[in-house]
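Remarks on the structure that follows.
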Amino acid sequence: MRAIVCREYGTPEDLVLDELPDPTAGPGQVVVRVRAAAVNYPDVLLIAGKYQIKVPPPFTPGSEMAGDVLAVGDGVDLRPGDRVSATAFVGGFAEQILVDARGLTPIPDGVDYADAAAFGV
């Protein structure tokens with residue numbers, strides 16, 4: 001899968017598009033195909049290495065996203081194809097993200113992915 005990666009602290013212009021392995025869902029986890037991701041000020045701070053919690057590079061920024069369930073681990077009630085919004089500390093600026101099922105919210109009918117990605121705000 002493709003992902004936007006922060007290889008070293010800097011500006012958003014320093015991010016690179018990279019190829020990463022597809023995630024695999026374990027117990028209580030869900031793989032989401034990301035359709036839209038929100039960009040927030042904490043993302044900029046993380047990329048600059050100025051957020052109060054430091055994430056060591058390399059990492060994929062993005063804490064709010066929306067998409068479709070691709071795969072679920074044991075103990076998860078969601079099904080592939082379900083539309084969800086997700087929150088995670090990092091990882092949302094990728095084609096797929098592995099998240100804890102408890103961090104997902106179903107997207108109501110009539111709400112598009114871009115709007116749903118901002119649910120966490």
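Since every read-out is calculated from the coordinates, none of them should be taken as a lab result. Just so we're clear, the structure is a prediction, and the values are computed from it rather than from any experiment. Neighbour counts run over all protein chains shown; Cβ positions are idealised from the backbone, glycine included.
Data table
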quantity: Ellipticity estimate at 222 nm from DSSP helix runs (n ≥ 4, -39,500 (n - 2.57)) divided over the chain, nearest 500; calculated: -2500 deg cm²/dmol
quantity: Relative contact order computed over the chain (Cα-Cα under 8 Å; 6+ residues apart), in percent; calculated: 31
quantity: Listed residues 70, 87, 55: farthest to the positive end of the dipole of the chain (Cβ charges); calculated: 55
quantity: Centre separation in Å (Cα based) which lies between segment 1-35 and segment 66-121; calculated: 15
quantity: R0 of 22 Å, Cβ-Cβ distance residue 45-residue 109: FRET efficiency to nearest 0.05; calculated: 0.05
quantity: Longest DSSP-loop-exposure-free segment, trypsin sites (Lys or Arg not before Pro), the chain, at most 11 other Cβ within 10 Å; calculated: 55-121
quantity: 100, 112 arranged by Cβ crowding within 10 Å, fewest neighbours leading; calculated: 112, 100
quantity: Fluctuation leader among 105, 11, 87 - the chain, Gaussian network, Cα springs under 10 angstrom; calculated: 11
